[in-house]
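S.K.: Below are the structure tokens for one structure; questions will follow.
The values are calculated or read from the model by the stated rules, or taken from the named source; none is laboratory data. Please read these numbers as outputs of a predicted model, since none were measured by experiment. With ideal geometry, Cβ positions are generated from the backbone for all residues, glycine too; neighbour counts draw on all protein chains shown. Ligands, DNA and RNA are stripped out before the accessible areas are found, and what is left, the full protein with its side chains, is counted by its heavy atoms. Shrake-Rupley method; radii C 1.70, N 1.55, O 1.52, S 1.80 Å.
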Amino acid sequence: MIVEIIPCLSDNYSYLIHEKETGTISIIDPSEFNACDKIINKHKKLDFILNTHHHADHVGANLELKKKYNSKILGSNLDKNRIPGIDILLEENQKHKIGNLEFEVIFIPGHTKGHIAFFFKKEKIAFTGDTLFSLGCGRIFEGTHDEMFNSLNKIKNLPTDTKVYCGHEYTKSNLNFCLEHDPNNIYLKDKKIDIERKLKSNQPTIPFTLADEIKTNIFLRCDDLEIKRGLGLKDSSDVEVFSKLRDLKDSF
Ligand code: ZN
Ligand code: FE
């Protein structure tokens, strides 16, 4: 499984997946036609389009690509009326194959009601859309804080050596937020050096490993006593701490 990162719009990432045995080509969340087509064109075909959720910056090129390559579009059954051109409706925990690659559908509502992640278990690769970002998490537009917290925990419970590909390059701003509320975290300081080096040379900070994220992403560390104390919430539950952090991030 080869994953090619396609920067789109101002800070979106689409991902091309090449499965070599059968030559199957798929794309995750095609944001804009031209940027995606430039990469797809090298393969002369596009078998599948996979959408994590219905937002325009993730489905923007669905119809144009489907028309050009006669691709099949896959997304959550809950978004059957909102994902343009959808053909194959996916359900929670369902396993599905694109060529010889099998993925599991992880239902992760919060950012939107029908948000899903694609987890390729054998390859240990997850596409998390706008739910888990490097050092951050998505805004809560359609769901509740409880839902988002549970969704992040589902991702947190995947194997720690899972490589994560998310929907946006928000890492720098997320890093600054983590540093503000988790200032003594030594892993965060190492991560800062790595992130700044990548961004300086115009490289994506994606993918990242879950193991790294669990040590550094404040939204996965809501059980940490020092973070709780820093927020003045030492006796609060983890989900209360999460809600507070998400609200603070909204106006950061
Ligand atoms: Zn979104
Ligand atoms: Fe987005």
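S.K.: With no solvent and one equal point scatterer placed on each C-alpha of segment 1-53, evaluate the Debye formula and give log10 I(q)/I(0) for q = 0.15 Å⁻¹, two decimals.
M.R.: Scattering profile of segment 1-53, log10 relative to I(0): -0.35.
S.K.: If one takes the longest principal axis of the Cα atoms in the chain, at what angle in degrees, from 0 to 90 and to the nearest 10, does the Cα axis of helix 145-156 lie?
M.R.: That works out to roughly 70 degrees.
S.K.: Additional query: On alpha carbon coordinates alone, what is the Rg over Rh value for segment 98-197, Rh being the Kirkwood radius?
M.R.: Value, to two decimals: 1.00.
S.K.: For segment 210-252 and segment 24-85, write down the distance between their C-alpha centroids in whole Å.
M.R.: First find each Cα centre; the distance between them is then 35 Å.
S.K.: Among the listed pairs Lys80/Lys200; Lys121/Lys198; Lys67/Lys122, which are separated by more than 30 Å between their Cα atoms?
M.R.: In this structure, Lys80/Lys200; Lys67/Lys122 lie more than 30 Å apart at Cα.
S.K.: To continue, here is another question. Can you tell me the 0 to 90 degree angle between the C-alpha axis of helix 171-181 and the longest principal axis of the chain, rounded to 10?
M.R.: Approximately 20 degrees, to the nearest 10.
S.K.: Once you have the Cα-Cα distance between Lys189 and Glu102, take 0.36 nm times their residue separation minus that, and quote the gain in nm to one decimal.
M.R.: 27.7 nm
S.K.: Would you mind telling me the antiparallel percentage of the DSSP bridges in the chain, rounded to 5?
M.R.: The antiparallel fraction comes to roughly 70 percent.
S.K.: Give the carbon-plus-sulfur fraction of the accessible surface of segment 121-252 in %, rounded to a whole number; probe 1.4 Å, heavy atoms of protein chains only.
M.R.: 48
S.K.: Evaluate the distance, in nm, between pseudo-label points positioned 7 Å from the Cα of Asp146 and of Glu123 along their respective Cα→Cβ axes.
M.R.: Each label point lies 7 Å from its Cα, and together they span 3.6 nm.
S.K.: Moving on to the next point. Average projected area of the Cα convex hull of segment 53-135, in nm²?
M.R.: Taking a quarter of the hull surface, the average projection is 5.8 nm².
S.K.: Separate question: On a 0 to 90 degree scale, rounded to 10, what angle separates helix 238-250 from the longest Cα axis of the chain?
M.R.: Once rounded, the angle reads 70 degrees.
S.K.: Still on this structure: Taking amide H atoms as placed 1.01 Å from N in the peptide plane, list the residues 5 or more away in sequence, or in a different chain, whose amide H sits under 5 Å from that of Gln94.
M.R.: Val105
S.K.: Next question, about the same structure. Rank by packing, highest mean first: peptides 18-26, 123-131, with packing defined as the count of other Cβ atoms within 10 Å averaged across residues.
M.R.: 123-131, 18-26
S.K.: Continuing with this model, one more query. Out of Ile98, Asn176, Leu245, whose Cα points farthest toward the positive end of the dipole of segment 2-250 (charges: +1 Lys, Arg; -1 Asp, Glu; placed on Cβ)?
M.R.: Positive-end residue among those listed: Ile98.
S.K.: Here's a follow-up. Once every DSSP H run of n ≥ 4 in the chain is given -39500 (n - 2.57) and the sum is divided by its residues, what mean residue ellipticity at 222 nm do you get, rounded to the nearest 500 deg cm²/dmol?
M.R.: My calculation for the chain gives -9500 deg cm²/dmol from helical runs alone.
S.K.: Taking the C-alpha atoms of segment 2-250, how large are the radius of gyration and the largest Cα-Cα span, Dmax, in Å?
M.R.: 17.9, 58
S.K.: Right, another one. Mean separation of Cα pairs under 8 Å and 6+ residues apart, divided by the residue count of segment 9-129: what relative contact order is that in percent?
M.R.: 20
S.K.: So, one more: Could you list which residues have their amide H under 5 Å from that of Leu50, counting only those 5 or more apart in sequence or on another chain, with H placed in the peptide plane?
M.R.: HN-HN under 5 Å from Leu50: Ile27, Ile28, Asp29, Leu74.
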